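In what follows, a structure is listed as structure tokens, so that the remarks can point back to it.
Every number here is computed from the coordinates shown, using simple stated rules; none is lab data. Quick caveat, the model's predicted, so the values are computed rather than measured. Heads up, the Cβs are rebuilt from the backbone with ideal geometry, glycines too, and the neighbour counts pull from every protein chain shown.
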Amino acid sequence: MSASLLLDQVTMRFGGLVAVSGLDFIVNHGEMVGLIGPNGAGKTTVFNVITGVYKPTSGTVSLGDRVLNGLPAHRITRHGIARTFQNIRLFGSLSVFDNVRCAMIPGLRHGVTSALTRGPAHSREESRLRGEILELLAIFDMSGAADSPAEGLAYGDRRRLEIVRALATRPRLLLLDEPAAGMNPTEKSQLIELIRFIQKKFDIAVLLVEHDMKVVMGVCQRIVVLDYGKKIAEGTPEEIRRNPLVIEAYLGGEVADA
Amino acid sequence: MDWGNFAQQLVNGLSLGAIYALIALGYTMVYGVLRFINFAHGDVFMIGAFAGLYINRWLKPFFTGLPEALSTAVVLLLSMGACACLGVLIEKLAYKPLRNRSRLTVLITAIGVSLFLSYSAQLIFGAAPKGFPNLFNSTTHDLPGGASATTEQFVVLGVTVLLLAALRWIVLGTRMGLAMRALSNNPAAASLMGVNTDAVISFTFALGSALAAAAGIFFAMLYQAIDPFMGILPGIKAFVAAVLGGIGSLPGAALGGVLIGLIETLVVGYSQDIGIPSGYRDAVAFVLLILILLFKPAGLLGKSEREKV
Amino acid sequence: MRPALSHLLLLGGLGLSAVLQIVSPQLDDYAVNILILAGINIILAVSLNLVNGHTGQFSLGHAGFMAAGAYASSLVTLASGPLASGGDPVVKNAVFLGALLAGGGFAALCGFLVGVPSLRLRGDYLAIVTLGFGEIIRVVLQNTDAVGGARGLEGIPALTNLFWTFGIATVTIYTVACLVNSTYGRGFIAVRDDEIAAEAMGISTTRYKVSAFVVGAFFAGLAGGLFAHYISFIAPETFNFLKSVDVVVMVILGGMGSTPGVVAAAILLTLLNEILRDFEQYRMIVFSLLLIILMIARPQGLLGNFRKKRKGTS
């Protein structure tokens, strides 16, 4: 299978600050890739460039044979890239059900006119979507909370809902931005299981930004290491663990211990 | 081209611009420390003009024998003081309970405060425009190049320069100014460093309101009539000036004010030549605002802010 | 809202409007006057609520769109001369409907023109820019002799009645409720809650914002047309900034994003306006204090579900 996501010489500058410089990497179909690096290494910026929040200063981001850079964020999502956010961004005033429902909007066959005329086609589509949403919520054990407001959920559930919502856009590639942040060890092991499960069940590629080495090493087949916006290493978890450059970047810390 | 007329337009535009600049500074300072548009600022400007009118009326008996420069200064300073108190009061009563609420909640409150001040003034002072007395003997002075300027225009420009210099000293040379800059730079860090946030915010409102009061009196001196709704348009135009200069930037607000004053005066002065009827005077600032926000949202001297994702 | 139910409500509302019209000769003029003003205010408030409440954009220019609709529809009826003021009720009402739609359409066009450049602005800036657009519309009207300049237009045929007012109010409520309570319409609320997350869900925030502005302006234009053909006289000053504030107060009082709340607030404020008519100079002082107290004590409105938004982190 050919490359799913391809970053070719991607550079992102903010004024004088170079946040990402000349970055290359690929994520193949169905692969689980980790993107790690010390604080401020530019990981989230990479996510923002891939998902169209920022437009890269130079370089190319493509998915399959489609060039993505320059497209607005919602177009990129429609091409098959979904994401979660480091600081959870749910639609707080909407219910859990409606949060997932929003992800179904781009796939609507009947839009405004049907919402206004409320004919049979509209009812059929709304009940089909309802079925799909409930099914998805059931897979993630969230059916019980379907009607609760997203704002009132417990922290772990909010993270999970964000992932469910992202999956509802039917992505080929899922970007997870520090999904383990703020979780205790039990929750983290559950998260590892969850990510593996998602990858198999939905047959998608996952790109994971994460600080917790246990999670990254436990999930990813391949890891890309960033430091000061540059790629300093790439390889299997084993290779990364032994790479002297990586150990130095982390001040001989976590990587070796994990 | 008639250079005499052009020079005259420049003189008129500059004195109007000085007034906008003084109001704009208040918008930009409050925006700097609290990140919201103090919609009621234009009404403080209006109250400043009324304060000048009444203070002058009450103190008239004591002014006999005093030099006009001194009596004018007394009226100006007392009005500025009154409005400084008003500004602090507004902040304490209406805005302080809303710290950390959404900007829109605060904006709506500010609109409420603005309407409250306008209509209370209408109730107290009446809806009809009131004449504003001459605070000093005025003559018209000929300038080189065929233009002329009134004594009022000289006073407006001169005192504005003085006030700007004083403001510069306060912001750059005093501890309070340092605290203001710290707060507008990073509120959380400033408060961790021991900056008394509430005191700085009160001081900022006092300072901005005092400048608005001065602008109100200058406006009244130049146009010689004041009414309860006089603050709305100059207020919004001064806001446009603050945005033009880059909101949060003090030199930007001063520059923006002068530019808006000049542009408005020139558009009206040359309305026939450029094909824009002079009736469009009040639309000029809005068109400018829309253009700035579309093409240079950070303004001339401002820094752009980016939402963190 | 289920399809059958929403259709029933639509038909019920139209039926009720017709009944009101039939019994109107029995009502006294004062009651009819209040009913018509309340109906117009309902249209204004519910349509502004789509923009300010559901979509979370803060528009302060609703009076401008109302003016656009009022002038455009009046020009149509004035131009059609005896057709609009003649004896044949069918022709008269057909011309009126056409004029109203023309007014709504023109206002919608203005809404589009305002919406597109305003997209790049957030919150308080958007508020000031929409205020500016409203004022620009007013200044343009004031300086256009063809529409009477500052003197305004007079002699507009009085065609507005209870049927048209409440019929259009029903359609407005139906449209906004159906839009918002569909999967498509959840997008409006998604845009309000978090634009960046909405984009990440594949939602075009641009399209939603412009749609909200266009639909909101369309109904404001209809309300303007109804108003003009009720009072028979309009001037640019009728549609100043304070008129926009009036509508904003209704939306806030009712609770941004709550259609029943906003309808109730529109009726309440219309009544309050009438009661305070003899105390005109106190009216706005009461309103402004109400606004301030509401923001401090109950920002979600009296009946609303507007969520307190956390301050943006920087």
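Quick notes on this structure:
- Spin-label pair residue B:188/residue A:151, simplified geometry with 7 Å Cα→Cβ offset, distance in nm: 2.1 nm
- Straight-line cross-link partners of residue A:188 among the lysines, defined as a Cα under 19 Å from its Cα and at least 8 positions apart when in the same chain: A:200, A:214.
- For the range A:84-89, the Karplus equation 6.51 cos²θ - 1.76 cosθ + 1.60, evaluated at θ = phi - 60°, returns couplings of 10, 10, 4, 9, 2, 10 Hz by residue, with Gly and Pro reported as x.
- Taking 0.36 nm per residue of separation and subtracting the Cα-Cα distance, full extension of the segment from residue A:201 to residue A:28 would add 60.6 nm.
- Footprinting exposure proxy for B:142, C:193 (fewest neighbouring C-beta atoms within 10 Å first): B:142, C:193
- Candidates C:66, C:201, C:250, ranked by Gaussian network fluctuation over chain C, Cα under 10 Å, top entry: C:201
- Between residue A:21 and A:12, A:230, the built amide H atoms are under 5 Å apart, and every one of these is 5 or more places off in sequence or on another chain.
- Ellipsoid fit via the Cα gyration tensor, the protein assembly as shown: semi-axes of 50, 39, 23 Å, each the root of five times an eigenvalue, largest first.
- Within chain B, helix-based [θ] at 222 nm, where runs of 4 or more DSSP H residues each add -39,500 (n - 2.57), nearest 500: -24500 deg cm²/dmol
- In summary, the helical segments of chain B meeting the span-like criteria, namely a full DSSP H run, a Cα extent along the axis of 18 angstrom or more and a mean Kyte-Doolittle hydropathy of at least -0.5, are B:3-34, B:41-63, B:68-90, B:103-125, B:151-173, B:197-223, B:232-245, B:250-269, B:281-295.
- Exceeding the 32 Å Cα-Cα cut-off - candidates B:92/B:130; B:130/B:237; A:43/B:92: A:43/B:92
- Here the protein assembly as shown carries DSSP beta bridges of which approximately 65% are antiparallel, counting only pairs with both residues inside.
- With a Förster radius of 60 Å applied to the C-beta separation of residue B:124 and residue C:145, the computed FRET efficiency comes to 0.95.
- Comparing chain B with the 2.2 N^0.38 Å rule of thumb, its C-alpha radius of gyration ratio is 1.00 (two decimals).
- Across chain B, C-alpha contacts under 8 Å between residues 6 or more apart give a mean separation that, scaled by the residue count, equals a relative contact order of 36 percent.
- Calculated on alpha-carbon atoms, Rg and Dmax of chain C in Å: 19.0, 66
- Applying the Karplus relation 6.51 cos²θ - 1.76 cosθ + 1.60 with θ = phi - 60° to the range A:224-241 yields 3J(HN,Hα) values of 10, 10, 10, 8, 6, x, 10, 7, 9, 6, 7, x, 6, x, 4, 4, 5, 4 Hz, where x marks Gly and Pro.
- Counting only alpha carbon atoms, the long axis of helix C:3-23 and the longest principal axis of chain C meet at about 30°.
- Exposure proxy order (Cβ contacts within 10 Å, fewest to most) of A:239, B:264: A:239, B:264
- Chain C: angle of helix C:259-275 to the longest principal axis, Cα-based, in degrees nearest 10: 50 degrees
- Inter-label distance, nm, simple model (7 Å from Cα along the C-beta direction), residue A:60/residue C:94: 6.2 nm
- Its DSSP H runs of at least 4 residues, each contributing -39,500 (n - 2.57), put the calculated 222 nm mean residue ellipticity of chain C at -24000 deg cm²/dmol, to the nearest 500.
- For the range C:123-133, putting each phi into the Karplus relation 6.51 cos²θ - 1.76 cosθ + 1.60 with θ = phi - 60° gives couplings of x, 5, 5, 4, 4, 5, 5, 5, 4, x, 4 Hz, in residue order, rounded to whole numbers and with x for Gly and Pro.
- Shown is the FRET efficiency for residue C:276 and residue B:100, computed with R0 = 41 Å from the Cβ-Cβ distance and rounded to the nearest 0.05: 0.75.
- For residue B:132, distant residues with modelled amide H under 5 Å away: B:225, B:226
- Candidate aspartates and glutamates for bridging to residue B:96, where Cα separation is under 17 Å - those fewer than 8 sequence places away on the same chain excluded: B:198
- Seen from every direction in turn and averaged, the convex hull around the alpha carbons of the range C:152-223 projects onto 6.4 nm².
- Kirkwood Rh and Cα Rg combined as Rg/Rh, chain A: 0.99
- Between the range B:94-109 and the range A:78-133, the Cα center-to-center distance that results, in Å: 33 Å
- Between the beta carbons of residue B:60 and residue B:154, assuming R0 = 25 Å, the FRET efficiency works out to 0.60 to the nearest 0.05.
- Top of B:67, B:228, B:187 by mean-square fluctuation, Gaussian network on chain B, Cα under 10 Å: B:67
- For residue B:150, residues with placed amide H under 5 Å, excluding near neighbours: B:141
- Helix C:280-297 axis, angle to chain C major axis (alpha carbon atoms, nearest 10°): 20 degrees
- Of B:294, B:25, B:76, the one that fluctuates the most in a GNM where chain B has Cα springs shorter than 10 Å: B:294
- As a length-normalised measure over Cα pairs under 8 Å and 6 or more apart, the relative contact order of the range B:160-284 settles at 10 percent.
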